[in-house]
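Heads up, the thing below is written out as structure tokens.
The values are calculated or read from the model by the stated rules, or taken from the named source; none is laboratory data. Because the structure is a prediction, the values reported are computed rather than measured. Methodologically, a virtual Cβ is constructed for each residue, glycine included, from the backbone with ideal geometry; neighbour enumeration extends over all protein chains shown.
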Amino acid sequence: MSALVSADLLDRVRGRLAQTSVSPTPATVAAAIRAESSGVLGDTDLLDALRVLQTERTGAGALEPLLAQPDVSDVLVTAPDEVWVDRGSGLERSEVSFPDEAAVRRLAQRLALAAGRRLDDAQPWVDGRLPGSPGVDFGVRLHAVLAPVAQAGTCLSLRVLRPATQGLDALCASGTVPTDAHELLLRMVDARLAFLVVGGTGAGKTTLLAALLAKVAARERIICVEDAAELAPAHPHVVRLVARAPNVEGVGEVTVRQLVRQALRMRPDRIVVGEVRGAEVVDLLTALNTGHDGGAGTVHANSPEEVPARLEALAALGGMDRAALHSQLAAAVQVVLHVHRAANGRRRLTQIGVLERDRHGEVTVVPAWAVREPRCAGADRLHALLERSGR
């Protein structure tokens, strides 16, 4: 940037533009630059200043090219000169940078406004969803924290929400689904067993869920409920319901729990919750216990064995006690699929488990198949469930 185009000049131009009641155009931005520079800028310097200001005001600003790259899943800003991206094999530092902390803060506040949320000193963090942009059809999940809550400066996290459309055969070909598990998964879907896909963040839970839903018979109606639109199974009859956050006035919220209840009235053959992360687990289990076989969802859990405890915590948010949760879970869900993301970024189905109740009435997850262990303790129970369906 030219020495004449100083940070002070740009701040004065921003202040002038902020006082206008209309959305700035390139012409009005150029006029503001000329006015604040007293007309001493040449054409080259003027274009330089215009480029900086227009980049700030368009899309995600300097981060827009990163978000548009097809292999990028996350863009993280931890400091003006520290912008990181995840392309599926771990975080790597990008060459993108910001002039200063104030530039990162301005971008975070503008993106929050675009998401219909408030971000300022009184409300120093925000969680929202940005609309789609070129190359990012499903939008971007936004999270930002302002200083001094974020001690090193404004922290910005953007997750690209791309449709999970890979088929089960493609996942098998890539090694995500081992060959010996492929047939078990197909039989599980055909038998209408209810299942949960579990794993850590970015492990591929949604991708596997979408691939399995694509194998559901075409005559069946699937109702998908999500907090953020990610599921896009290749199936002819899918109805997608997406939750909505409250606006800046704090009204207009539509929760996942409300949408699960609406799904029950929409003649579903299968009800799917894209990610179970709160009290909606109560409604999902209730739905699966009212004749809606073959339902599914995803849950954050580090291992299949942790699933009952994780669901206990979520059910408590909905007022369901521990005993009731285990009773509902045992009747509603039959199978747990665990996916794992290795340090090198590779995602893989590592275990298929079945749910069993012990003599105390508590649910445990017993391995029925695992990588390099095709015959596990729960294998007979899984095959009995598949045979009992009569399909």
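As an exercise: evaluate Gln151 against (1) of a type in the set (S, T, N, Q); (2) under 23 Å from the mean Cα position of the chain (by Cα); (3) surrounded by fewer than 21 Cβ atoms within 10 Å (Cβ to Cβ); (4) not assigned by TED's automatic domain parsing to the domain that holds Glu253 and give the number of the one condition it does not meet. Against the list (1) of a type in the set (S, T, N, Q); (2) under 23 Å from the mean Cα position of the chain (by Cα); (3) surrounded by fewer than 21 Cβ atoms within 10 Å (Cβ to Cβ); (4) not assigned by TED's automatic domain parsing to the domain that holds Glu253, Gln151 comes up short only on (2).
If you go through the range 261-302 and keep only what is touching a strand residue (DSSP E or B) at 6+ places or on another chain (Cβ under 8 Å), crowded, with 17+ Cβ neighbours inside 10 Å and either free of Cβ contacts under 8 Å to residues at least 24 places away in the same chain or small (Gly, Ala, Ser) (or both), you end up with Ala263, Gly274, Ala287, Gly294, Gly295, Ala296, Gly297, Ala301.
Somewhere in the range 318-332, is a residue in contact with a His (Cβ under 8 Å, 6 or more places away or on another chain), at pLDDT 90 or above and either among the charged types (D, E, K, R) or not assigned by TED's automatic domain parsing to the domain that holds Ala229 (or both)? Quick ask: steps written out before the conclusion?
Looking only at the range 318-332, we keep the residues that are in contact with a His (Cβ under 8 Å, 6 or more places away or on another chain), and these are none.
No, because not a single residue in the range 318-332 is in contact with a His (Cβ under 8 Å, 6 or more places away or on another chain), at pLDDT 90 or above and either among the charged types (D, E, K, R) or not assigned by TED's automatic domain parsing to the domain that holds Ala229 (or both).
Within the range 334-348, is even one residue out of contact with any helix residue (DSSP H, G or I) (no Cβ under 7 Å at 6 or more places or on another chain), among the hydrophobic types (A, V, I, L, M, F, W, C), in a loop (DSSP other than H, G, I, E, B) and surrounded by fewer than 22 Cβ atoms within 10 Å (Cβ to Cβ)? Within the range 334-348 (the criterion being out of contact with any helix residue (DSSP H, G or I) (no Cβ under 7 Å at 6 or more places or on another chain), among the hydrophobic types (A, V, I, L, M, F, W, C), in a loop (DSSP other than H, G, I, E, B) and surrounded by fewer than 22 Cβ atoms within 10 Å (Cβ to Cβ)), the answer is yes, since at least one residue qualifies. Residue count for the range 163-189 under the criterion of being of a type outside the set (A, V, I, L, M, F, W, C) and either within 23 Å of the chain's Cα centre (by Cα) or not in a helix (DSSP H, G or I) (or both): the result is 8. Can you find even one residue in the range 354-369 that is among the hydrophobic types (A, V, I, L, M, F, W, C) and surrounded by fewer than 22 Cβ atoms within 10 Å (Cβ to Cβ)? Yes - at least one qualifying residue is present in the range 354-369. Only one of the numbered conditions (1) touching a residue at least 60 places away in the same chain (Cβ under 8 Å); (2) buried (at least 24 other Cβ atoms within 10 Å of the Cβ) is not met by Gly318, and that is (2).
All of (1) assigned by TED's automatic domain parsing to the domain that holds Leu288; (2) among the aliphatic types (A, V, I, L, M); (3) at pLDDT 90 or above; (4) out of contact with any helix residue (DSSP H, G or I) (no Cβ under 9 Å at 6 or more places or on another chain) hold for Ala173 with one exception: (3).
Checking His383, His360 one by one, the residue that is in the same structural domain as Leu196 (by TED's automatic domain parsing), assigned to a loop (DSSP other than H, G, I, E, B) and either polar (S, T, N, Q) or over 21 Å from Gly278 (Cα atoms) (or both) is His360 and no other.
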